[in-house]
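What follows is calculated from the coordinates using simple rules that are stated; it is not laboratory data. From a predicted model like this one, the values you see are computed outputs, not experimental measurements. Cβ coordinates were reconstructed from backbone atoms using ideal geometry, including for glycine residues, and neighbour counts include every protein chain displayed.
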Amino acid sequence: MSTAPIYRRVLLKISGEALMGPGNYGLDLPTVERIAGEIKEAKGIGTEVCAVIGGGNIFRGLQAAASGMDRASGDYMGMLATVMNAIAMQNALERTGVDTRVLSAIPMTTICEPYIRRRAIRHMEKGRVVIFAAGTGNPFFTTDTAAALRAAEMGCNALMKGTQVDGVYTADPKKDPDAKRFDTLSYMDVLSRDLKVMDAAAVSLARESGIPIVVFNIHERMNFVRVLQGKGPCTVISN
């Protein structure tokens with residue numbers, strides 16, 4: 001019998017790079033399917049899940065072309081990349097039997113629903129996974145900020161930041177063997193030390209909304225579920 005989760009509703013934020021697998025850009029289907037399986041397991045223990053996925057895995061291949069563009073145009077290209085990733089994750093989730101909806105901040109009704117807060121909440125109440133695409137719909141805002149915004153709008157109990165490592169460290173643990181992992185941090189610690197967890201706007205928004213940011217390793221099998229149950233290694237950022 002599974003342990004009850006400590007968070008009833010969460011937003012999972014993962015980077016587009018997390019979907020690349022061993023590649024340098026694009027989508028690695030086995031990686032997408034594994035993360036979809038993690039989300040299914042999380043739902044299986046009773047947690048409602050919504051998600052924001054970055055677009056770096058696709059936009060990385062376009063950066064040379066975008067280098068001469070203005071910032072707004074480049075940001076819109078990045079937003080479109082997040083829609084592609086959201087559709088890929090939706091497909092992987094639905095193949096495992098998880099009902100999923102993609103809601104885009106930029107309307108493109110042929111392929112997904114427009115973002116409407118009440119509709120998104122209703123989908124979650126019906127047990128569906130909701131993937132928020134196209135960031136906030138505005139340039140100059142990152143998908144981290146979009147994740148904090150959607151977590152607040154959905155009334156989430158935590159913002160789960162899936163990364164390459166199992167928390168926030170004093171230094172890069174891949175480069176410094178003496179780096180120590182923090183079990184807990186305050187929002188102000190993150191901001192004042194300029195720790196590269198999420199951008200400052202996202203951290204500030206989470207702080208104002210009272211939503212803890214939980215940083216964990218998304219690449220370790222079943223780690224998402226263990227962290228939701230309060231068992232897995234992670235760093236919790238709160239007041």
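Within segment 189-214, the set of residues being part of a loop (DSSP other than H, G, I, E, B) and free of Cβ contacts under 8 Å to residues at least 12 places away in the same chain comprises Arg193, Asp194, Lys196.
Residues of segment 221-239 that are surrounded by fewer than 16 Cβ atoms within 10 Å (Cβ to Cβ) and among the charged types (D, E, K, R): Arg221, Lys231. Taken over segment 143-156, residues that are surrounded by fewer than 18 Cβ atoms within 10 Å (Cβ to Cβ) and assigned to a loop (DSSP other than H, G, I, E, B) amount to 1. Here the condition is being surrounded by 14 or more Cβ atoms within 10 Å (Cβ to Cβ), among the small types (Gly, Ala, Ser) and farther than 22 Å from Val32 by Cα; of Gly68, Gly74, Gly78, Gly135, it holds for Gly74 alone. Against the definition (more than 17 Å from Ile14 (Cα to Cα), touching a Gly at 6+ places or on another chain (Cβ under 6 Å) and not basic (Lys, Arg)), how does Ala179 come out, yes or no? Spelling it out, it is not the case that Ala179 is more than 17 Å from Ile14 (Cα to Cα), touching a Gly at 6+ places or on another chain (Cβ under 6 Å) and not basic (Lys, Arg).
Residues in segment 1-58 that are among the small types (Gly, Ala, Ser) and surrounded by 23 or more Cβ atoms within 10 Å (Cβ to Cβ): how many?
Taking segment 1-58 and keeping what is among the small types (Gly, Ala, Ser), we get 2, 4, 15-16, 18, 21, 23, 26, 36-37, 42, 44, 46, 51, 54-56.
Checking which are surrounded by 23 or more Cβ atoms within 10 Å (Cβ to Cβ) leaves us with 16, 42, 51, 54-55.
Of the residues in that region, 5 qualify.
A search for C-beta distances below 7 Å between a residue of segment 228-239 that is closer than 9 Å to Asp183 by Cα and in contact (Cβ under 8 Å) with a residue 12 or more places away in the chain and any residue that is surrounded by fewer than 17 Cβ atoms within 10 Å (Cβ to Cβ) and of a type in the set (Lys, Arg), counting only pairs 6+ apart in sequence or on different chains, returns Thr235/Arg181.
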